[in-house]
Amino acid sequence: MMRTLALVLESTFKNLDQRIEERWTAGNLSHGFWRTGAIPKLTPVDTMREYGFWQGKAVLENGLAGQVSVALIGGHTRMGIFLPNRLMEGEVSIAGCNATYGESLTDAMAKAHDGQPASIIRRAGGETLFDRIFTEPPFSAEWLLRCTQDIAAQSILENHLAWRVIDLWESAMRTIMSRQSHDLGIVIQSTKSLPPIVTEAMPLTLQDAYEIQPGRWVTIAAQAITDPAEDLDIREIEVRLQRLLPDYGITIQKDASR
């Protein structure tokens with residue numbers, strides 16, 4: 001049955017809302033980046049969805065805000081991330097994100113999604129826009145027209161759109177966190193992936209996790225301190241983690257800068 005393009009777009013964006021919400025509530029079951037608060041939650045905002053526009057906003061640190069914008073118009077579909085210029089200052093070294101020592105955070109952010117620079121990088125007011133343009137299926141005009149007649153085609157579009165939006169946001173946030181963990185990270189070694197309960201029992205934020213070999217995990221954490229009295233030294237954090245998770249073989253690298 002033929003459906004109007006407006007109905008296809010509204011249904012596609014409703015699916016995107018749901019996928020983002022699921023990502024936030026369930027998170028990555030191994031690492032829990034969204035669940036622990038390391039990845040700021042995207043909250044959809046009201047836009048003219050029937051015309052192909054979608055936006056999601058997130059509260060970042062120190063009252064700053066970020067935004068993801070989508071223009072699903074077929075043949076020239078655009079997905080952009082807006083981030084405060086204050087987050088773009090300084091130098092960054094990122095492992096696994098095609099960044100090198102001395103590379104600016106703006107350059108690293110531009111390539112964080114797939115290693116290729118964003119189509120457009122532009123400063124506008126107090127924000128930097130990282131804009132990507134997609135013309136190939138399922139973001140082509142032909143595919144969008146096909147979605148009005150084929151529900152399977154729409155499902156493919158929905159899956160690709162959700163993955164792109166979520167990965168663009170996660171990649172951007174992980175790039176920022178990589179800078180933070182390089183400077184301030186607590187390097188926790190364990191035999192298993194740390195469960196999200198860690199962030200409930202201690203003032204810690206889990207920023208990243210890697211299984212570097214079977215039975216050997218490295219987790220980057222930072223103290224989430226709202227009260228100076230909660231500031232813990234490395235040894236105390238190690239002892240408390242060992243008590244909380246006695247079967248995880250937890251040790252902490254004493255000098256995270258090495």
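The heavy atoms of MET177 offer some 20 square angstrom of accessible surface to a 1.4 angstrom probe.
In this label model, ASP167 and SER140 are separated by 1.9 nm, measuring between points 7 Å along each Cα→Cβ vector.
Stretched out straight at 0.36 nm per residue, the stretch from LEU244 to GLN223 would grow longer than its current Cα-Cα span by 5.9 nm.
Packing, taken as the mean count of other beta carbons within 10 Å per residue, orders the peptides 2-15, 104-117 from highest to lowest as 104-117, 2-15.
Going 7 Å from the Cα of LEU129 toward and past its Cβ, which residues in segment 43-61 have a backbone nitrogen under 16 Å from where you end up? From segment 43-61, the list is 53-56. Residue separation of ASP114 and MET2 scaled by 0.36 nm, minus their Cα-Cα distance, works out to 36.8 nm of gained length. Placing dummy labels 7 Å off each Cα toward the beta-carbon, the span from TRP24 to VAL45 is 1.4 nm.
The values are calculated or read from the model by the stated rules, or taken from the named source; none is laboratory data. Owing to the predicted nature of the structure, the values given are computational and were not obtained by experimental measurement. Methodologically, a virtual Cβ is constructed for each residue, glycine included, from the backbone with ideal geometry; neighbour enumeration extends over all protein chains shown. Only protein heavy atoms, including side chains, enter the accessible area calculation; ligands, DNA and RNA are left aside. Shrake-Rupley method; radii C 1.70, N 1.55, O 1.52, S 1.80 Å.
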